[in-house]
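Everything on this sheet refers to the single structure shown next.
The values are calculated or read from the model by the stated rules, or taken from the named source; none is laboratory data. In this text the structure is predicted, and so the values were computed from the model without any measurement. Cβ atoms come from the backbone with ideal geometry, glycine included; neighbour counts cover every protein chain shown. Calculation scope for accessible area: heavy atoms of the full protein, side chains included, ligands and nucleic acids excluded. Shrake-Rupley method; radii C 1.70, N 1.55, O 1.52, S 1.80 Å.
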Amino acid sequence: MSSNKDVVLIKDGVRLDGRRFDELREVKMEVGVLKRAQGSAYLEWGKNKVMAAVYGPRELYPKFMQDPTKANVRCTYNLAPFSVDDRKRPGPDRRSVEISKVCAEALASVIQVKNYPNAVIDVFVEVLQADAGTRCAGLTAASLALADAGIPMKDLVASCAAGKVNGEVVVDMFKDEDNYGDADLPLAILPRTGEIVLLQMDGKMTRTEFSKAIQLAMGGAMKIYEMQKQALMKNVKTTPSEVQ
Ligand code: ADP
């Protein structure tokens, strides 16, 4: 994020893509899209396109990494080379390692890990197209994929960012707002309790702006939660005999 006061991102109270300050980009979710993963989800969030897949629970190897009291939750977040304007060098980098870690921790806090001693649950988040907010989109897709895999969880994880753009607190920034804005605050919650499982921030905000940003991100995450529930319901397969 490189704050640039000369870049006009808000004109007459409207953002460059026509949204209000508290309005999310369009979001589409689909669950159960991959045949060979235990669970999967595909999500479009604005121009972001993200696929999440779950493998496991299965026995963790090498054995010395096993925890007899609970499952190990691993997450691999990857930005595809073709997902951004300039080709991204393939493979992990500092950013993807950090995002993988915070996402794994957020997901581990919701999964009933004690049900699976000595096991590993692998979650893969592949960002096919990136336009800011990919960790929120990735986490949202990952928790849908876990639900699709039938892995018991306390709740879904719903995520959304808020931040500051041209001095205004706004929700769910797209790439120009993220690049030239003043602050970015991704958040993930367990919607039923409001518990926060991921909170990061870069840039500068006053305390009042910070509180407003948390409020907007929470509101955004609650809307995402409603969409997650709908996406999961849509995927419930009904057999012809059940319809009769
Ligand atoms: P998030 O995607 O969660 O908002 P960042 O704030 O780190 O994470 O990144 C913001 C956006 O910057 C990304 O969504 C992507 O569009 C772009 N971006 C991130 N890393 C790269 C990269 N290595 N090359 C080009 N663009 C990138």
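For the criterion of being under 16 Å from I224 (Cα atoms) and open to solvent by 70 Å² or more (accessible area, probe 1.4 Å), E26 passes.
To keep it simple, each residue is scored yes or no on (1) away from the ligand (no atom under 16 Å from the Cβ); (2) within 18 Å of the chain's Cα centre (by Cα).
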{"residue": "Y116", "(1), (2)": "yes, no"}
{"residue": "A137", "(1), (2)": "no, yes"}
{"residue": "A145", "(1), (2)": "yes, yes"}
{"residue": "L187", "(1), (2)": "no, yes"}
{"residue": "G194", "(1), (2)": "yes, yes"}
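Kindly list the number of the only condition in (1) buried (at least 22 other Cβ atoms within 10 Å of the Cβ); (2) in a strand (DSSP E or B) that fails for I99. Every listed condition holds for I99 apart from (2). Counting only strands (runs of 3 or more DSSP E) wholly contained in region 1-61, the ones carrying 1 or more residues that are within 16 Å of the ligand (Cβ to nearest atom) and of a type in the set (D, E) occupy 39-45.
Being in contact with a Leu (Cβ under 7 Å, 6 or more places away or on another chain), β-branched (V, I, T), away from the ligand (no atom under 16 Å from the Cβ) and in contact (Cβ under 8 Å) with a residue 60 or more places away in the chain is true of V120.
Considering region 128-156, the residues that are assigned to a loop (DSSP other than H, G, I, E, B) and out of contact with any helix residue (DSSP H, G or I) (no Cβ under 7 Å at 6 or more places or on another chain) include one that is surrounded by the most Cβ atoms within 10 Å (Cβ to Cβ), namely G133.
Listed by first and then second residue, the pairs with beta-carbon distance under 6 Å, at least 6 apart or on different chains, first residue in region 158-183 and assigned to a strand (DSSP E or B), second within 12 Å of the ligand (Cβ to nearest atom) and of a type in the set (S, T, Y), are S159/T140.
Determine whether S159 is within 29 Å of D122 (Cα to Cα), touching a strand residue (DSSP E or B) at 6+ places or on another chain (Cβ under 9 Å), within 12 Å of the ligand (Cβ to nearest atom) and open to solvent by less than 40 Å² (accessible area, probe 1.4 Å). Yes; evaluated as a whole, the condition is true for this residue.
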